[in-house]
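Novice: Please read through the structure below; I'll follow up with questions.
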Amino acid sequence: MKTFLDANVLVAVLNKEYPLFSYASRILSAADKKDFQVFTSPICLAIAFYFAEKKSGATMAGKKIALLISHIKVAPTNKEAVLKTISNKRIIDFEDGLEYYSAIEAGCQTIVTQDQGDFHFSEIDVFNCREFMERYL
């Protein structure tokens, strides 16, 4: 299964934000299983870095991001994702649209986010961390 992690899931792991950390870290650990592929986008990584840097400083944030991407895959965000986002009238938040089309481009079947309503337009399943963990792990 291919799943896409939104920035808020990454931030919860990088900054050890409880209680979400417990669920989010287990989902990230699924990246090491044979039957799971975990993706995020460059945009999500930039957001996660920003919040990790605020908490831990730039050097530590860089180390955390490097460790993170050694375990997960980075989905492409390209011109086509931009064009699809701006042409989809159901998408309200540009960033969420880019993330969605990055997930689609990578072949993801699910998106994991704590802001499920942001992906109201999604044609693939959207779960919060707890729901995803209960269903798939």
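Novice: Quote the convex hull volume per residue of the chain, based on C-alpha atoms, as a whole number of Å³.
Specialist: Working: hull volume 13.3 nm³, N = 137.
Hull volume normalised by residue count: 97 Å³.
Novice: Charges at C-beta only: +1 for Lys and Arg, -1 for Asp and Glu. How large is the resulting dipole of the range 70-137 about its Cα centre, in Debye rounded to 20?
Specialist: That gives the range 70-137 a dipole magnitude of about 180 debye.
Novice: Next question, about the same structure. Could you work out [θ]222 nm for the chain from helices alone, using -39500 (n - 2.57) per DSSP H run of at least four and dividing by all its residues? Round to the nearest 500 deg cm²/dmol.
Specialist: -16000 deg cm²/dmol
Novice: Continuing with this model, one more query. About its Cα centre, what dipole magnitude does the chain give when the only charges are +1 on Lys and Arg Cβ and -1 on Asp and Glu Cβ, stated in debye to the nearest 20?
Specialist: It works out to roughly 420 debye.
Novice: So for the chain, taking the charge dipole from beta-carbon charges (+1 Lys/Arg, -1 Asp/Glu), which of Ala52, Phe39, Leu83 sits furthest toward the positive end?
Specialist: Checking the options against the dipole of the chain, the answer is Ala52.
Novice: Under the 0.36 nm per residue contour assumption, what length would be gained going from the current alpha-carbon distance of His71 and Lys84 to full extension? Kindly include the intermediate steps, with their values, before the conclusion.
Specialist: Working: separation 13, 0.36 × 13 = 4.68 nm, distance 2.85 nm.
Difference between extended and current length: 1.8 nm.
Novice: Report, in whole Å, the centroid distance computed from the Cα atoms of the range 112-128 and the range 19-60.
Specialist: 17
Novice: Relative to the longest principal Cα axis of the chain, at what angle does helix 20-29 sit, 0 to 90 degrees, rounded to 10?
Specialist: 80
Novice: Something else about it: Restricting attention to the range 57-137, which trypsin sites (Lys or Arg not before Pro) occupy a DSSP loop and are surrounded by at most 15 other Cβ atoms within 10 Å? Could you put the intermediate results ahead of the total?
Specialist: Details: sites: Lys63, Lys64, Lys73, Lys79, Lys84, Lys89, Arg90, Arg130, Arg135; in loops: Lys89, Arg90.
When the trypsin sites (Lys or Arg not before Pro) of the range 57-137 are filtered for loop state and at most 15 Cβ neighbours within 10 Å, Lys89, Arg90 remain.
Novice: Full-extension gain between Ala58 and Gln116, please, as 0.36 nm times their residue separation minus the C-alpha to C-alpha distance.
Specialist: Numbers: separation 58, 0.36 × 58 = 20.88 nm, distance 2.94 nm.
Contour length minus Cα-Cα distance gives 17.9 nm.
Novice: Mind listing which chymotrypsin sites (Phe, Trp or Tyr not before Pro) in the range 5-44 are in a DSSP loop and have 16 or fewer other Cβ atoms within 10 Å?
Specialist: Here the chymotrypsin sites (Phe, Trp or Tyr not before Pro) that fit, given the DSSP loop and packing criteria, are Phe36.
Novice: Can you flag which of Lys16/Lys63; Lys2/Lys79; Lys2/Lys54; Lys33/Lys55 are past 19 Å Cα-Cα? If you can, show how the numbers build up before the last one.
Specialist: Numbers: Lys16/Lys63 15 Å; Lys2/Lys79 22 Å; Lys2/Lys54 30 Å; Lys33/Lys55 30 Å.
With Cα atoms farther than 19 Å apart: Lys2/Lys79; Lys2/Lys54; Lys33/Lys55.
Novice: Right, next: Which aspartates and glutamates have a Cα lying under 15 Å from the Cα of Lys84, excluding residues fewer than 8 positions away in the same chain?
Specialist: Hits, sequence-local ones excluded: Asp93, Glu95, Asp96, Glu99, Glu105, Glu123.
Read-outs: derived from the displayed coordinates by stated rules, not from any lab. Here the structure is a predicted model, which is why all the values come from computation and not from measurement. All Cβ positions, even for glycine, are placed from backbone atoms using ideal geometry, and neighbour counts span all protein chains on display.
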